[in-house]
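The values are calculated or read from the model by the stated rules, or taken from the named source; none is laboratory data. Just so it is clear, the structure is predicted and the values come from calculations on it, not from any experiment. Heads up, the Cβs are rebuilt from the backbone with ideal geometry, glycines too, and the neighbour counts pull from every protein chain shown.
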Amino acid sequence: MSLYDIPLRTLTGEPASLADYRGKALLVVNVASKCGLTPQYTGLERLQQQFADRGFSVLGFPSNQFAGQEPGTAEEIATFCSTTYGVSFPLFEKTDVNGADRHPLYAELTGTPDAEGAAGDVQWNFEGFLSNERHAIAA
């Protein structure tokens, strides 16, 4: 299965896919609103603003799998991200990134070795996966 074929849903429940981002480099990040790392939204938004016009996008996937640090509803997550950090990059529905219910996108991402040759589970919130414009996973 190609990354383009994996079905996604936006935070508002609309169908989406990585095909919507064909030709763009992507930074796929699992995010959380109640984590010590939550201020990383600032840097992610900065990347989005700086490089969006050059074929780059951050894609945020809220996950509640790490210490329950993303407990909110889709509406609460959207409001928090927009009002607290001015997030303009796409956010997707709350997603399992590990375990038996791992989303197929994360099954593909975590199965790809990183620069050091390691593959495996997401370790915590705000772990990113970078892909080039052909959606070959780079890290």
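For the stretch 36-136, which helices (runs of 4 or more DSSP H) that fit wholly inside it have 2 or more residues that are touching a Gly at 6+ places or on another chain (Cβ under 8 Å)?
Here the list reads 40-51, 74-85.
Taking the stated definitions as given, is A100 crowded, with 17+ Cβ neighbours inside 10 Å, of a type outside the set (D, E) and more than 15 Å from T38 (Cα to Cα)?
Criteria not met by A100.
If I filter the stretch 1-23 down to residues being in a loop (DSSP other than H, G, I, E, B) and either modelled with pLDDT of 95 or more or not charged (D, E, K, R) (or both), which single residue comes out as surrounded by the most Cβ atoms within 10 Å (Cβ to Cβ)?
The qualifying residue surrounded by the most Cβ atoms within 10 Å (Cβ to Cβ) is L11.
Conditions tested, residue by residue: (1) aromatic (F, W, Y); (2) closer than 20 Å to R22 by Cα; (3) in contact (Cβ under 8 Å) with a residue 24 or more places away in the chain.
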| position | (1), (2), (3) |
| --- | --- |
| R54 | no, yes, no |
| G60 | no, yes, yes |
| N64 | no, no, yes |
| E70 | no, no, yes |
| D101 | no, no, no |
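Here are some residues: T84, T112. Which one is of a type in the set (S, T, N, Q), over 19 Å from L37 (Cβ atoms), surrounded by 13 or more Cβ atoms within 10 Å (Cβ to Cβ) and touching a residue at least 12 places away in the same chain (Cβ under 8 Å)?
When all the criteria are applied, what remains is T112.
Could you go through the stretch 117-126 and let me know if any residue there is without any contact (Cβ under 8 Å) to a residue 60 or more places away in the chain and in contact with a strand residue (DSSP E or B) (Cβ under 8 Å, 6 or more places away or on another chain).
No, the stretch 117-126 has no match at all.
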